[in-house]
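Student: First the structure, then my questions, so here it is.
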Amino acid sequence: MENHPKKEQTLVIIKPDGIQRTLIGEIIKKYERTGLKLRAMKMIQATEEKVEQHYLIDPEWVEKVGEKSIASYEKRGVEPPSRDKKSVGQKVLDGLKKYMTSGPVIAMIWEGNQAVGVVRKITGGTEPLSSDVGTIRGDFTIDSYQMADVDERPIRNLIHSSGSLDDAKAEIAHWFTKEEIFDYSLIAEEILYDVNLDGIAE
């Protein structure tokens, strides 16, 4: 049953701005209300090394994010600071290290059917200003690429969530030990996952 879709796990990090905005409970409630199960949670003060290792789990991350950033500048009709993907990506990484270490963060593991996709849907797009109403980023903050560019800083979007199942597995292993992940049952799981709903009338 370990490969059952209901066992899919993903990583969520409430970033320093999410904590400073006192949105911890609101964020957790959004995920919890869908039926996802919280398997682990901790508050930590991340180091720059920890943050860098997180983003560089994918060794091509710097160039990928550099390419994405350049394309984003061009889409908005703004000249990028450089055309070199690696240097642009490194600048993004340096900014993220400063941002993610500016205060404590809360790391969580959420589990449930299609957890990666469900969490991404609830979280919203990278840019809060263009995120859908009803998402965490769309409802709880108003930052934009334009303002972040003017201020020469990363976008403040409250949360990190794993982008794929492979990312989730690697990121969970980076932030949590096996001993920190709890296995327990929730009554709600009977409604969500019991094949015949046998236990309801008992």
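FYI, it's all coordinate maths here, none of it is from the lab. Only a predicted model underlies this, so the values are computations on that prediction, with no experimental measurement involved. Ideal geometry is used to build each Cβ from the backbone, glycine not excepted, and the neighbour counts take in all protein chains shown.
Student: Give me Lys29, Lys169 sorted ascending by neighbouring Cβ count inside 10 Å, so fewest comes first.
Tutor: Lowest to highest Cβ neighbour count: Lys29, Lys169.
Student: Order these by the 10 Å Cβ neighbour count, fewest first: Phe140, Phe182.
Tutor: On the way: Phe140 20, Phe182 11.
With the sparsest Cβ surroundings first, the list reads Phe182, Phe140.
Student: Using 7 Å Cα-to-Cβ label points, what is the Ala173/Val78 separation (nm, one decimal)?
Tutor: Here the answer is 3.7 nm between the modelled labels.
Student: From the helices alone, meaning DSSP H stretches of at least four residues, give me the mean residue ellipticity at 222 nm for the chain, per-run term -39500 (n - 2.57), in deg cm²/dmol to the nearest 500. Can you show the working numbers first?
Tutor: Values: 10 runs with 92 residues, N = 202.
Taking each H run of at least 4 residues, the total per residue is -13000 deg cm²/dmol.
Student: Mind listing the long-range amide H neighbours of Arg39? Cut-off is under 5 Å, sequence gap 5 or more, other chains count too, H placed in the peptide plane at 1.01 Å from N.
Tutor: Ile109, Trp110, Glu111
Student: Something else now. From a point 7 Å beyond the Cα of Arg33 in the direction of its Cβ, which residues of the stretch 137-170 have a backbone N at a distance under 14 Å?
Tutor: 137-140
Student: Quick check of the Kirkwood formula: for the stretch 14-118, what is the inverse mean of 1/r over all pairs of different Cα atoms, in Å?
Tutor: Working: mean 1/r = 0.0636 Å⁻¹.
The Cα-based Kirkwood calculation yields 15.7 Å.
Student: How large is Rg/Rh for the chain, to two decimals, with Cα atoms and a Kirkwood Rh?
Tutor: On the way: Rg = 18.2 Å, Rh = 18.1 Å.
With Rg and the Kirkwood Rh in hand, the quotient comes to 1.01.
Student: Using the Karplus equation 6.51 cos²θ - 1.76 cosθ + 1.60 (θ = phi - 60°), what ³J(HN,Hα) coupling, rounded to whole Hz, does each residue of the stretch 47-62 give in order, writing x for Gly and Pro?
Tutor: 8, 4, 5, 4, 5, 4, 4, 4, 6, 8, 3, 8, x, 9, 4, 4
Student: Using Cα atoms only, what is the angle between the long axis of helix 24-33 and the major principal axis of the chain, expressed in degrees (0 to 90) to the nearest 10?
Tutor: Helix 24-33 and the main axis of the chain meet at about 50 degrees.
Student: Short version: ³J(HN,Hα) in whole Hz for each residue of the stretch 149-158, in order, from phi by Karplus 6.51 cos²θ - 1.76 cosθ + 1.60 (θ = phi - 60°), x for Gly and Pro, what are they?
Tutor: 5, 4, 8, 6, 8, x, 5, 9, 10, 6
Student: Here are some pairs, Lys50/Lys85; Lys6/Lys68; Lys85/Lys121; Lys15/Lys75; Lys75/Lys169; Lys42/Lys91; which of them have Cα atoms lying more than 30 Å apart in this structure?
Tutor: Numbers: Lys50/Lys85 23 Å; Lys6/Lys68 32 Å; Lys85/Lys121 28 Å; Lys15/Lys75 27 Å; Lys75/Lys169 32 Å; Lys42/Lys91 28 Å.
As for pairs spanning more than 30 Å Cα to Cα, those are Lys6/Lys68; Lys75/Lys169.
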